[in-house]
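Comments concern the structure below.
The values are calculated or read from the model by the stated rules, or taken from the named source; none is laboratory data. Note that this is a predicted model, so its numbers are computed, not measured. No Cβ is skipped: glycine too gets one built from the backbone with ideal geometry, and neighbour counts run over all protein chains shown. SASA here: full protein model, heavy atoms, side chains in, ligands and nucleic acids out. Shrake-Rupley method; radii C 1.70, N 1.55, O 1.52, S 1.80 Å.
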Amino acid sequence: MVVYVQRSRSPRWPLHPHRGGPRADVRPHRWYGPVPPTRRRGTGPPLPLRFSHGCPSRNRTAVQVQKFSRRGVTRVLWLAKIADASHVPSRAELTAGTDLTDMIAAIDGWSLSNKAIETPTLGSTFETKIPGADEADDSSLTFYEDQTGDTIEGLLTKDATGFVVMLRKGDVPGSRSMDVFPVRVGSRSAQYSVDNEAAKFVVSFSITEKPVQDAAIPPAATAPERPATK
């Protein structure tokens, strides 16, 4: 006795939904991932676009940075007084100050730090912290010693008070890159050495009040208009 069994027209293995269901012109496969590895051109609906985590988003804006060196750009000024109570100098006060830039051999300090407060809790093993008091690092300026003059030595005597102004990006009016440090001179001492180098001396400063950071550089002074000649 011979028994005939009619075969089903459907493929042996079900196709992925992205292929549009069973088709006679598509070879069955065992792939059940989110996207089939291969597909005949023109068969089934278009596959959705997929981006890996490493691909940047089309809506993300890249930040362009114009790098520069402090040398030749940053200016350091000494101001004896600033009239403004918030310690932001005017253009006239900046002009009247002493430019120390070309005498400076090294800079140390002139930055702020925060002493964090630990706040542990019984409910967590993570050591949490909150911002505490701000403090300024020990700051100093190293100068080249002038063999014939003593302008800087006479200006920065021990216990002298004033303001060290840092123009980080140069004297660019409107740029918010001016830092003002209220200071008091702590000490001034010469560096003695027999090495093949220029003579130097170090002036250490104590920062007496909270510095002003990212202040706008005042606009440049405009020359008075001359009367029209007849």
Within straight cross-link reach of LYS115, meaning Cα distance under 18 Å, which lysines are found once same-chain residues fewer than 8 apart are removed?
LYS129, LYS210
So how far, in whole Å, is the C-alpha centre of segment 179-201 from the one of segment 82-161?
15
Using the beta-carbon distance between ARG184 and THR222 and R0 = 30 Å, what value does 1/(1 + (r/R0)^6) give for FRET efficiency, to the nearest 0.05?
0.30
List the GluC sites (Glu not before Pro) within segment 101-137 that fall in a DSSP loop (any state other than H, G, I, E or B) and whose Cβ has at most 16 other Cβ atoms within 10 Å.
GLU127
Tally up the carbon and sulfur contribution to the accessible surface of segment 87-169 as a whole percent, 1.4 Å probe, everything protein left in place.
51
Rounded to the nearest whole Å², what accessible area per residue is found for segment 59-189 with the 1.4 Å probe?
65
So if each residue of separation counts as 0.36 nm, and I subtract the Cα-Cα distance between VAL65 and THR125, what length gain in nm does that give?
17.6 nm
Tell me, what ³J(HN,Hα) does each residue in segment 85-97 have, in order and in whole Hz, if you take phi through Karplus 6.51 cos²θ - 1.76 cosθ + 1.60 with θ = phi - 60° and put x for Gly and Pro?
5, 8, 6, 9, x, 8, 5, 5, 6, 5, 5, 6, x
